[in-house]
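The values are calculated or read from the model by the stated rules, or taken from the named source; none is laboratory data. Since we're looking at a predicted model, the values are computed, not measured.
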Amino acid sequence: MSDSNHGTNQNKEIYFDPNFLKIDLEKLRIFITVLEEHEQNCERDEKFPEAAITRDKIKLLRDVEEITILNDLENLQQQQVCYVFLLSLVKKSSIRI
């Protein structure tokens, strides 16, 4: 049995946008604040299991926030190292920028 679409996925390029997973820290912090308010309301209303679940979500999001900040700092440091390296090459050569 012959299928005219057989093998068509083999030639398709896969595009991955690196900004797809970019975390917006400002929005993340706003969401954490909303969850903290929700946790307080749950405790006030004696909905302790829901408050505990919310507390766990807050911890997870704070971890995401910390990892994002560390990754951003690492990327910035790598960019600075590359810049300094390229600048030193330019100074050693006759290239003018």
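The table that follows gives values for the structure above.
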quantity	calculated
Evaluation of I23 against (1) assigned to a helix (DSSP H, G or I); (2) at pLDDT below 95; (3) of a type outside the set (G, A, S) (one fails), failing number	(1)
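A quick yes/no check of all residues on (1) charged (D, E, K, R); (2) modelled with pLDDT of 90 or more; (3) in a helix (DSSP H, G or I):
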{"position": "L60", "(1), (2), (3)": "no, yes, yes"}
{"position": "E66", "(1), (2), (3)": "yes, yes, yes"}
{"position": "Q77", "(1), (2), (3)": "no, yes, yes"}
{"position": "I97", "(1), (2), (3)": "no, no, no"}
